[in-house]
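First the structure, in the form of structure tokens, and then the observations on it.
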Amino acid sequence: MNPFRRFTLPALGAVMLVSAFGTAGAQNLNSLLKPKAASSPASDATSKTTEEEQKEAASKLQAAKEARQAMEDNNLAARVTSLGLPDTLTTSMKASADEIARNYQSALDTLTGLINIEHELAAKQAEEPPAPPQTEEAVEKMRQQLAALRQRSQSARMQARLDQSLLDRQKTASETAAQQLRRATEDFDSAEDADKPKATLLLEEAKLKNDAAESGIFLLSWRLYADEVQTKLTEIGIRNLESSLISSGLDTIFNEQRGQAALAQIEQQRQAIEKQILNFRDTARSLQDTIKNQREKLTALGEGATPEQKSPLERKIALASDAASFADRLLRAAELQLAGLDTTANCWKAALAVVADPSASNLTKARDLSARILEDITMWRDEIRRNIEDGQKKIEDFALTEGAVDGQDRKLDTIRQELVRQRAAQLRDTGDMVEDLDAIANQLNTESRQRLSEQSLTEKASQGVDRVQDTLTRIWNTELFTTEDHVFEKGQLVPRQRGVTLGKVLMAVACLAIGFFLCRVVSRGVSNHIRRRFLVDSARAIVVEKALFIPLIAALFLTTLSWLHIPITAFAFLGGALAIGIGFGVQTLMNNFISGMILLAERRIKVGDIIEIDGHLGRVTGLGTRCSNVQKFDGVEVLVPNSYFLEKNVVNWTLSDPHHRYDFIVGVAYGSPLEKVMELFQRALKEQPHVLESPASRVFFETFADNSLNFHFYYWLDVRTADTGQVGSDIRMRIDRLCRENNIEIAYPQRDIHLRTSTPIQVELLK
């Protein structure tokens, strides 16, 4: 292999023309099959229209089919076999070509459907909302349409998330394929003439895999965009139907009669679920008793029982345990259903609160409550869907199990299967409940927002003041931390949890500031009075002032904390402040210590490595906890802090490969025998024992210089074992000796002097 030989692009194109694909196949795969990858291709103002992209996809599909047919026409399998490559290469290349055609066919179908959706979206955007319904029957029909649209919107969003996930994985696969293509291109460029056909075929395989990955990105990008357009279409329909229902005045959620009826229905559902819970508990208790009895029988058999005696009991225990597990699931799910009913009831109660008092505060509470519920519903839907699938799979598994052996087994198996069916029905009921809750929360959110937007300027200002007041109150009552205090209660010391809020801290700071000023005034006034009354000098008066001021401050501090119910243990953080101060003092020490641990764990720098850091080049002789030793090649040792290795650029000459290339230039005189010179120079490199055989050392005739014919030497050394300076010196000395032995002149700078003889040269003799 020749690592320095590179082919130009025209040469690469010439080689590809003789490949099995032929001229047309190569051009199709290299120029036509370049898919466009964008998450929303049609959203860019400079991009093509969907119709133009459809035509382009059809062109790429045709090119892919022609390239696939070229494989058959040029007998790809025979070519692979003749080059000694595995047969799997043929299968891989054909599979990649088929994948390209399949992706572009799917993209063409997606674009065709997308054109219809875009036309429908444009028409939907231009049309007016439907007329408001005038009867209850029309309202119910419009509600059903709205529920169907919301379901479609949810499905479109879920499909968009799935397509986005697939697109992300496809992009990762495309990056991997691109890396493989680059490596195959490098191998092709450095291949010898004899290995060129094999390298060409491997390059074609890498190109096919890369094109297949890019075609997948093209397909998924357009699918994702189609999901977005479909979502927009359904959202417009939802908004139009919601607007019509609200305008009718018949479907408003802020209706006392409707709200009271809904709460009554919820109460009936609650009673039914509570009865189910009692039945599930009785069933679970009965199954646990069965498990207990069978285990007692199994224990009574003793260790000497045969497998034939144990097997029936173990089977009954397994059946009862499985059934009990489903009974527990039914019980927990029923309790969750009650929680769901409570959530639905809260929505109706919020709506009735607005009916009783249509203030901005109640509307805001209804809006915020519905928004939180809508955020949780997506998670509930996914969980219910997974549980339904698991339950269905369990029913199918039960259908495949062997029949019961005796009557009790059949009874337990029947109970188990009945519980599984009840579980599936329960999940479907829960799904319906979630959909009803979604519709109610959506309506509550929409109508709350609409009423809030229709408020007058005065109402909005009042609402803003209320929000600011609520926000300030919430901030004022925000707990910063909690502490534990002890109080006497009925003659016993009882622990109490104390919450320290921001308001308490601010009040404490204000009280301490005012109290500090008053303590200063009192202590100073008392000191001045004592000095005047008892004729005390100023120095002693100051001592009296300080002696009085400090107890007053301590009493003020304790009184303030007691008044605000802040335990003194809340200020234990003062001890932590001291620890923080010490921490800052040893920050640099810990930084270097942790950096040393990271260096030892990552092993990017090891003892014996040759590195260059902060202008120092040398060998690592030790890795310490705080600093590391680097011995320069002049014998000087440098202590480098470990943090430098992580914060600065470090050149590690022996990190992954200790082999490095060196080069120099030698010039010989014009007229020297070049073939002989080349032979002698290559001989000088081969005779040096430290020069590596792989990668091979090379000598190139580089240029016709001003004074010499220049030859460029390239050779590789193992920097761990070779003295690079000494090896270079030995090679140059050997070159000089060989040139003198073979009468080859090493060139040196020369200058020609020309004398003009048209006029005589004046010569003067001086004494």
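The values are calculated or read from the model by the stated rules, or taken from the named source; none is laboratory data. Just so you know, these numbers come straight off a predicted model, no measurement behind them. Counting neighbours? That spans all protein chains shown, and the Cβs are built from the backbone with ideal geometry, glycine included. For accessibility, only protein heavy atoms count, side chains too; no ligands or nucleic acids. Shrake-Rupley method; radii C 1.70, N 1.55, O 1.52, S 1.80 Å.
Rounded, prolate or oblate: which fits the stretch 148-285 when a ≥ b ≥ c are the square roots of the eigenvalues of the alpha-carbon gyration tensor, with rounded for a/c under 1.5 and prolate only if a/b beats b/c?
On the way: a/c = 7.95, a/b = 2.42, b/c = 3.28.
The shape class here is oblate.
Once amide H atoms are placed 1.01 Å from N in the peptide plane, what residues at a sequence separation of 5 or more from GLU702, or on another chain, have their amide H within under 5 Å of its amide H?
ASN710, PHE711, HIS712
For the stretch 220-321, what is the accessible area per residue in Å² when the probe is 1.4 Å?
Per-residue accessible area for the stretch 220-321 comes out at 55 Å².
Determine ³J(HN,Hα), in whole Hz, for all residues of the stretch 107-115 in sequence, where each value follows from phi through the Karplus function 6.51 cos²θ - 1.76 cosθ + 1.60 and θ = phi - 60°; x replaces Gly and Pro.
5, 5, 5, 4, 5, 4, x, 5, 4
Cross-link list LYS275/LYS310; LYS207/LYS606; LYS55/LYS196; LYS48/LYS198; LYS48/LYS207: which exceed 30 angstrom alpha carbon to alpha carbon?
Values: LYS275/LYS310 38 Å; LYS207/LYS606 40 Å; LYS55/LYS196 37 Å; LYS48/LYS198 40 Å; LYS48/LYS207 26 Å.
Exceeds cut-off: LYS275/LYS310; LYS207/LYS606; LYS55/LYS196; LYS48/LYS198.
Spelling out what I want: for every residue of the stretch 696-712, take phi, set θ = phi - 60°, compute 6.51 cos²θ - 1.76 cosθ + 1.60 (Karplus), and round to whole Hz; glycine and proline get x.
Here the 3J(HN,Hα) series is 6, 7, 9, 10, 10, 7, 8, 7, 8, 7, 4, 10, 7, 9, 8, 10, 9 Hz.
Considering only protein heavy atoms and a probe of 1.4 Å, how much of the accessible area of the stretch 42-192 is carbon and sulfur, as a whole percent?
Using a 1.4 Å probe with all protein chains present, the stretch 42-192 comes out at 51 percent carbon and sulfur.
Based on the mean of other Cβ atoms within 10 Å per residue, sort peptides 417-430, 139-152, 503-516 so the most packed one is first.
With the highest mean Cβ count within 10 Å placed first, the list reads 417-430, 139-152, 503-516.
With a 1.4 Å probe and every protein chain left in place, work out the accessible area per residue of the stretch 577-703 in Å², rounded to a whole number.
For the stretch 577-703, the per-residue accessible area is 61 Å².
Excluding MET597 itself, what net charge comes from residues whose Cβ is under 15 Å from its Cβ, given Lys and Arg +1 and Asp and Glu -1?
Result for the neighbourhood of MET597: +3.
Accessible area of the stretch 615-684 with a 1.4 Å probe: how many percent of it is carbon plus sulfur?
Result for the stretch 615-684: 50 percent of the exposed heavy-atom area is carbon or sulfur.
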